[in-house]
Amino acid sequence: MFDTIPDMAAKRAEISPNSIAFIEAGSGREWRFSEINSAANAVAAGLGQAGLCSGDRLAILCLNRVEFFITLFACQKTGIILCPLNWRQPAAELIETLEPVGAKALIHDAAQAELAGDVGSVCGIRNFAIETDISAWIETGATVPATKILPDQPWYLLFTSGTTGRPKAVIQTAQMAWANAVNISQATRMTADDRSVNFLPLFHTAGINLYTLPLFLLGGCSTVLLKFEPGQIFDLLKQGKITQFFGVPAIYQVFSLLPDVAEINWSVIRCGCGGAPLPEPLIRLFASHGAKVLNGMGMTETGPTVFLMDPENAERKIGSVGRAQMLTEMRLEGVAAGERGAGEIQLRGPNITPGYYLNERATRDAFTEDGWLRTGDVGRRDEDGYIFIVDRIKDMYISGGENVYPAEVERVLNEHADVLEAAVISMPDAKWGEVGAAFIIARPGATLDPAELRSWSRERMAAYKVPVKVTLVQDFPRTAAGKVRKPELRTLLP
């Protein structure tokens, strides 16, 4: 796509130096693009003085803060590879994550000082504190020489959630960032006039790329919260300080239960959703308040934006993730163009990762022989070209010779008036081989009868799809990105 890529922070500072790039939610401090670039230069110089150079891996362990993005841009200026770590994990897991990539240093905030100390001592790496070391570097105002930024060189690594085994380090590049910015901005009509809020954890692609980094590249402003605080976000929405909002379904569920949800002028906020399908009742609830919540789909390996529903068809095509966006090609394995069958979604384009860092086998397994990324998701295309995610290939089970996709069953269960959220897995069965087991979170105040829910379901889906066992739970085990950890649900089965 590109031969070289401009220094993102420097270029944005050149174009709109006095525009506000970030606002710190706690202090209210505003950072202009020129200040971000100057700070990134100074941090880049500080890292160099500390002995880090191009190709070295730099871990970072912190809540959401502007200094994270300053460090991210500093790494682009130097070729240092940033490795964001999950502050929710214990030291043992973080050490296991870091060992394969061989980090040379670790940056942390005060809240993670003890955890960072444990990791650093075992890994034998030097630690730097944001509140002291990084702040001191920024105050020096030091600069670094301009460097050539190659489009496909590793910029930062994002570690997969580990729900299927040991985390893999997904390479993220500058080219991927620009392709994502094109995909998401043309899908959401994002411009420099937009304002968003950064609260999703920065060790996941959504925290960086939905929508903070693309909005930065366009010259817009993001308010940075330390972490997800429903009240703070809701206040920003009510005050009209957000025009672009992205959340996972669990966040929309929280908002839907707040008594003043109708007080927000949702019609001026462009809302996106990903990580899992947003249930139809929630889509219709927010639509009744004037919000068109657009379902989408992407992966860490895709930068992440691939699919996003258009607002004109958000209600007409409920359940769809839209079409593949401008810089991404898509095909359904085994399904010819124009056909209506289901197949694995495979992707290619400049937004696709080059692979997994120092893991040739995983990289080779992730791509087809002709270079398409295997997503592991089964999709189908309707008569208008809109894509519907059927389920994860690995989640499918066979009951009495019939394929059952849990996501399809979950969509039906979520339509029940007393169901807030459903998750379905398989369980062994002597007669049918496998049958479904549903875990249900009931709506507050609802009295849900499992037998009645099964009977209700029989009227809406084939008998072999109806879960044999229904268990009511208070919440699901989730990843930091809000996805349900289905392997952990299996431990709740008898």
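The values are calculated or read from the model by the stated rules, or taken from the named source; none is laboratory data. None of these values were measured; they are calculated from a predicted model. Virtual Cβ from ideal backbone geometry, glycine too; neighbours counted across all protein chains shown.
Just name the residue that is farthest from residue 226 (Cα to Cα) out of those in region 77-109 that are assigned to a loop (DSSP other than H, G, I, E, B) and hydrophobic (A, V, I, L, M, F, W, C). Step through it out loud before you land on a result.
Initial filter on region 77-109 (assigned to a loop (DSSP other than H, G, I, E, B)): 79-80, 85-90, 99-102, 109.
Pick out the ones that are also hydrophobic (A, V, I, L, M, F, W, C) and you get 80, 85, 87, 101.
Details: 80: 25, 85: 15, 87: 12, 101: 27 Å.
If we take residues in region 77-109 being assigned to a loop (DSSP other than H, G, I, E, B) and hydrophobic (A, V, I, L, M, F, W, C), then 101 is farthest from residue 226 (Cα to Cα).
Considering only residues that are more than 22 Å from residue 23 (Cβ to Cβ), in a loop (DSSP other than H, G, I, E, B) and in contact with a Phe, Trp or Tyr (Cβ under 9 Å, 6 or more places away or on another chain), look in region 156-195 and name the one that is modelled with the highest pLDDT.
Applying the filter and picking the extreme gives 168.
Considering 60, 15, which residue is among the hydrophobic types (A, V, I, L, M, F, W, C) and surrounded by fewer than 17 Cβ atoms within 10 Å (Cβ to Cβ)?
Residue meeting the stated conditions: 15.
When residues of region 205-220 are filtered for being outside any loop (DSSP other than H, G, I, E, B) and either more than 16 Å from the chain's Cα centre (by Cα) or closer than 15 Å to residue 182 by Cβ (or both), how many remain?
As a first pass, look at region 205-220 and keep what is outside any loop (DSSP other than H, G, I, E, B): 205-209, 212-218.
Add one more test, that the residue is either more than 16 Å from the chain's Cα centre (by Cα) or closer than 15 Å to residue 182 by Cβ (or both), and what stays is 209, 213-218.
The number of residues fulfilling the criteria is 7.
Conditions (1) in contact with a Ser or Thr (Cβ under 9 Å, 6 or more places away or on another chain); (2) under 19 Å from residue 442 (Cβ atoms); (3) outside the structural domain of residue 354 (by TED's automatic domain parsing); (4) in contact (Cβ under 8 Å) with a residue 24 or more places away in the chain, marked per residue:
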residue: 257; (1), (2), (3), (4): no, yes, no, yes
residue: 263; (1), (2), (3), (4): no, no, no, yes
residue: 268; (1), (2), (3), (4): yes, no, no, yes
residue: 273; (1), (2), (3), (4): no, no, no, yes
residue: 279; (1), (2), (3), (4): no, yes, no, yes
residue: 283; (1), (2), (3), (4): no, no, no, yes
residue: 293; (1), (2), (3), (4): no, no, no, yes
residue: 308; (1), (2), (3), (4): yes, no, no, yes
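Going by the conditions given, is residue 323 of a type outside the set (Val, Ile, Thr), modelled with pLDDT under 90 and not assigned by TED's automatic domain parsing to the domain that holds residue 457?
no
Could you say which residue among 210, 215 is out of contact with any helix residue (DSSP H, G or I) (no Cβ under 6 Å at 6 or more places or on another chain), within 17 Å of residue 327 (Cβ to Cβ) and at pLDDT 95 or above?
210
Could you go through region 359-368 and let me know if any residue there is without any contact (Cβ under 8 Å) to a residue 12 or more places away in the chain, surrounded by fewer than 21 Cβ atoms within 10 Å (Cβ to Cβ) and in the same structural domain as residue 467 (by TED's automatic domain parsing).
No, because not a single residue in region 359-368 is without any contact (Cβ under 8 Å) to a residue 12 or more places away in the chain, surrounded by fewer than 21 Cβ atoms within 10 Å (Cβ to Cβ) and in the same structural domain as residue 467 (by TED's automatic domain parsing).
Hey, can you tell me all the residues within region 221-232 that are at pLDDT below 95 and either in contact with a strand residue (DSSP E or B) (Cβ under 6 Å, 6 or more places away or on another chain) or not in a helix (DSSP H, G or I) (or both)?
Those that are at pLDDT below 95 and either in contact with a strand residue (DSSP E or B) (Cβ under 6 Å, 6 or more places away or on another chain) or not in a helix (DSSP H, G or I) (or both): 227, 228, 229.
For a quick check of your reading of the model, give me the residue pairs whose first member lies in region 207-232 and is in the same structural domain as residue 306 (by TED's automatic domain parsing), whose second is surrounded by fewer than 21 Cβ atoms within 10 Å (Cβ to Cβ) and hydroxyl-bearing (Ser, Thr, Tyr), with beta-carbon atoms closer than 6 Å and at least 6 apart or on different chains.
219/16; 219/19
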